[in-house]
Amino acid sequence: MKIERYPKNLEILVNQHIGRYLEASSKPTLIDRARQLRKSIEKGKKEKHGKWTFSIPRETPLTFKENDCKLQVDISCEIGGINEDIQKQSINLRIWSCDKNISFREGIDAPELKKNLKYLNWKRVVLRFHFDLKVPNGKNIEPLYHLQVGGCQMEGENCWIPEEIQVPRFPYIPMDLILLCEFILMNFFPKKYKELKKDREWISLVRKSQEIFQEPYLNGCMKCINNEEDTLLGKLVSLKGVEREH
């Protein structure tokens, strides 16, 4: 099974490609979570139910170092499935500003917040994104895989995005930790990304995640495009969603 290779892929990701861009505590955290995933897959295989889970809690996210623009990114996620069938996929991306001129808005934010942010070295969440798989049989009209801005806030974020607004949810291709790391490097560490694009081992690593998480979905989308009875978006928001092939 392709998913059996995923724990090893995660260890390759951190040991060979992104380790020096992570905060010190995040590297061993990801390695530990990858090994827990391996045990989960082995247990599912042994007990013949095939269930597995992989998670990085919001309380201890995978955290990248501050970049040249004084922005810092972290990731938390919950991914799970049965054998090759992905049944849960929720990935959270937070962008923190460490720049006083961005973190505090003169004339808008309260003076008390300024004192708090100064104590926190001006660290504040300025953007938050969720990459999610629709809950099975959910009643909301939303694409099967979607991107949402905002969401539930945690203590200490001081985020200015209202969590009460739950829309819109944009159709989006499935993401996993490796694919999202490629996205982060491209946007926040562009010099490193240019180097990696020439690295055949890196390309191979990303393509393996594409095969596991994106290929079945995109094959299903092509079926929807060729279906004259509905639109692609209409099919994506239906209760059955896209028929994913494995």
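Taken together, the residues in the range 1-15 that are in a helix (DSSP H, G or I) and either more than 18 Å from Asp176 (Cα to Cα) or of a type in the set (A, V, I, L, M) (or both) amount to 5. Which of the residues belonging to the range 168-198 are touching a residue at least 12 places away in the same chain (Cβ under 8 Å) and either touching a Gly at 6+ places or on another chain (Cβ under 9 Å) or not aliphatic (A, V, I, L, M) (or both)? Within the range 168-198, Pro168, Arg169, Phe170, Pro171, Tyr172, Pro174, Asp176, Cys181, Glu182, Phe188, Phe189, Lys192 meet the criteria. Every test in (1) in a loop (DSSP other than H, G, I, E, B); (2) under 28 Å from Thr53 (Cβ atoms); (3) of a type outside the set (Val, Ile, Thr); (4) at pLDDT 90 or above is passed by Leu185 save one, and that test is (1). Residues in the range 92-128 that are charged (D, E, K, R) and touching a strand residue (DSSP E or B) at 6+ places or on another chain (Cβ under 6 Å) were compared, and the one that is nearest to Glu66 (Cα to Cα) is Lys123.
Might you check whether a residue that is assigned to a loop (DSSP other than H, G, I, E, B) and more than 20 Å from Gln87 (Cα to Cα) occurs anywhere in the range 24-44? Yes. Out of the residues in the range 95-123 meeting the condition of being aliphatic (A, V, I, L, M), under 29 Å from the mean Cα position of the chain (by Cα) and not in a helix (DSSP H, G or I), tell me which one is nearest to Arg58 (Cα to Cα). Filtering the range 95-123 for residues that are aliphatic (A, V, I, L, M), under 29 Å from the mean Cα position of the chain (by Cα) and not in a helix (DSSP H, G or I), the one nearest to Arg58 (Cα to Cα) comes out as Ile95.
Among the residues making up the range 54-77, those that are surrounded by 17 or more Cβ atoms within 10 Å (Cβ to Cβ) and either part of a strand (DSSP E or B) or hydrophobic (A, V, I, L, M, F, W, C) (or both) are Phe54, Ile56, Leu62, Thr63, Phe64, Leu71, Gln72, Val73, Asp74, Ile75, Ser76, Cys77.
If the condition is being in contact with a helix residue (DSSP H, G or I) (Cβ under 6 Å, 6 or more places away or on another chain) and within 29 Å of Met154 (Cα to Cα), then the range 32-55 contributes Ala34, Leu37, Trp52, Thr53, Phe54. Does Leu179 count as at pLDDT 80 or above, in contact with a Phe, Trp or Tyr (Cβ under 9 Å, 6 or more places away or on another chain), hydrophobic (A, V, I, L, M, F, W, C) and under 24 Å from Gly81 (Cβ atoms)? So Leu179 fits the description; yes. If the condition is being among the acidic types (Asp, Glu) and closer than 27 Å to Ile56 by Cβ, then the range 181-231 contributes Glu182, Glu195, Asp199, Glu201, Glu211, Glu215.
A count restricted to the range 78-87 and to residues that are part of a strand (DSSP E or B) and buried (at least 16 other Cβ atoms within 10 Å of the Cβ) stands at 5. Condition test on Ile141, is it more than 29 Å from Thr231 (Cβ to Cβ) and surrounded by fewer than 18 Cβ atoms within 10 Å (Cβ to Cβ)? Judged against the criteria, Ile141 is not a match. Would you call Ile173 part of a loop (DSSP other than H, G, I, E, B) and either in contact with a Leu (Cβ under 9 Å, 6 or more places away or on another chain) or among the small types (Gly, Ala, Ser) (or both)? Here the answer is yes, as Ile173 does meet what is asked.
The values are calculated or read from the model by the stated rules, or taken from the named source; none is laboratory data. Computed from a prediction, not measured in an experiment: that's the story for all the values here. Positions of Cβ are generated from backbone atoms using ideal geometry, with glycine treated the same way; all protein chains shown enter the neighbour counts.
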